[in-house]
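Notes for the one structure printed next.
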Amino acid sequence: MTVRIGIVGCLGRMGQALANEVRATAECVLAGGTEAPGHAGIGKDWGEAAGLGRLGLTVGDDAAALFRASDVVMDFTAPAAAVAHAEIAAAQGKALVSGTTGLSPEQEERVRAAAAKAAIVRAANFSLGVNLLLALTERAAALLDPAFDIEIVEMHHRHKVDAPSGTALALGRAAAKGRGVDLAKVSERGRDGVTGARGRGAIGFAALRGGDVAGEHTVIFAADGERIELGHRAGTRQIFARGAVRAARWVAGKPPGLYGMAEVLGL
Ligand code: NAD
């Protein structure tokens, strides 16, 4: 069965990577793409605006129309848009692959609520390697006692607007789950100045920004006299696009619900 895939935010960095991946995947076709209201690319040929050569699809600004024309829509945009798109998916009962990060707890709750009426795959990171890293982090945290301090370090390109990254927070949640604690109660973020000593059992975060780094994450377990590091380096954002297209093919036709990459990948 051919899956018709729509891409909101189609001229963004991920939007373009997704378009390339959909075009390279058998049994998938591009249904169309939208951009933010007022974006200079609206009304232009999507491929020409993205420097990919003519695609024969015009960049639109009507998300509801794009959902109607698609079996699955992929959203890598911005937090407010991600919520609006999840609510359109719910109104139309359409499947959604949602990868936007930086949502507030209230915005995440609205996406969760939308999943009562739409099949939504939501992940902070769609790469296979990072999803394995999440599983390994949970396991290591379960095996190591709190004498091992957990620190999560991430680095991303200079354009990234949210910190720590959604993946770093997901790694923190995996570590907290392994330890049987609530991340909100143990996380230490944005240390600056005289912060006092590190809390026992804390999970710390540090964010670096620069260059064109697609995404690097390291989970450090540091005790007196020894240290374990589990890490992942993304060399290209195409790995996220590949996982997202896999998720789109998996979720097409699924009943409403909130799904994760662990289910898509059968981890
Ligand atoms: P980007 O800024 O290059 O692209 C975002 C695009 O969305 C822009 O073109 C913007 O104009 C568009 N947009 C904003 N509001 C819109 C709206 N209402 N309707 C349609 N389009 C809209 O950013 P990016 O690097 O592509 O990342 C986008 C998001 O995806 C970020 O939150 C990022 O953290 C996340 N991301 C997630 C993963 C993952 O695996 N989950 C991987 C990479 C990036």
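The values are calculated or read from the model by the stated rules, or taken from the named source; none is laboratory data. Note that the coordinates shown come from a computational prediction; the quantities given were computed from them, not determined experimentally. Cβ coordinates were reconstructed from backbone atoms using ideal geometry, including for glycine residues, and neighbour counts include every protein chain displayed. These area figures cover heavy atoms from the full protein model, side chains too; ligands, DNA and RNA do not enter into them. Shrake-Rupley method; radii C 1.70, N 1.55, O 1.52, S 1.80 Å.
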Out of segment 209-219, which residues are over 16 Å from LEU132 (Cα atoms), surrounded by 12 or more Cβ atoms within 10 Å (Cβ to Cβ) and of a type outside the set (Gly, Ala, Ser)? ARG209, VAL213
Residues being in a helix (DSSP H, G or I) and under 15 Å from the mean Cα position of the chain (by Cα) - total across segment 86-104: 1
Looking at segment 78-85, is at least one residue open to solvent by less than 50 Å² (accessible area, probe 1.4 Å), in a loop (DSSP other than H, G, I, E, B) and closer than 24 Å to ALA175 by Cβ? no
State yes or no: is ASP75 surrounded by 17 or more Cβ atoms within 10 Å (Cβ to Cβ), modelled with pLDDT of 95 or more, of a type outside the set (Phe, Trp, Tyr) and away from the ligand (no atom under 16 Å from the Cβ)? no
Could you please tell me which pairs satisfy a Cβ distance under 9 Å, a separation of 6+ or placement on different chains, a first residue in segment 119-143 that is at negative phi, and a second residue that is β-branched (Val, Ile, Thr) and assigned to a loop (DSSP other than H, G, I, E, B)? ALA124/THR101; ASN125/THR101
Pull out all pairs, ordered by first then second residue, where Cβ-Cβ is under 6 Å, the residues are six or more apart or on different chains, the first lies in segment 148-170 and is under 17 Å from VAL130 (Cα atoms), and the second is within 11 Å of the ligand (Cβ to nearest atom) and open to solvent by 30 Å² or more (accessible area, probe 1.4 Å). GLY166/THR101; GLY166/ALA124; THR167/ALA124; ALA170/ALA124
Take segment 113-157 and flag every residue that is of a type outside the set (A, V, I, L, M) and away from the ligand (no atom under 16 Å from the Cβ). LYS117, THR137, GLU138, ARG139, ASP145, PRO146, PHE148, ASP149, GLU151
Just the residues that are in contact with a helix residue (DSSP H, G or I) (Cβ under 8 Å, 6 or more places away or on another chain) and over 16 Å from GLY15 (Cβ atoms), please, taken from segment 240-252. ARG246, TRP250, VAL251
Considering only residues that are of a type in the set (S, T, N, Q) and closer than 17 Å to LEU66 by Cα, which ones fall in segment 3-49? GLN16, THR34
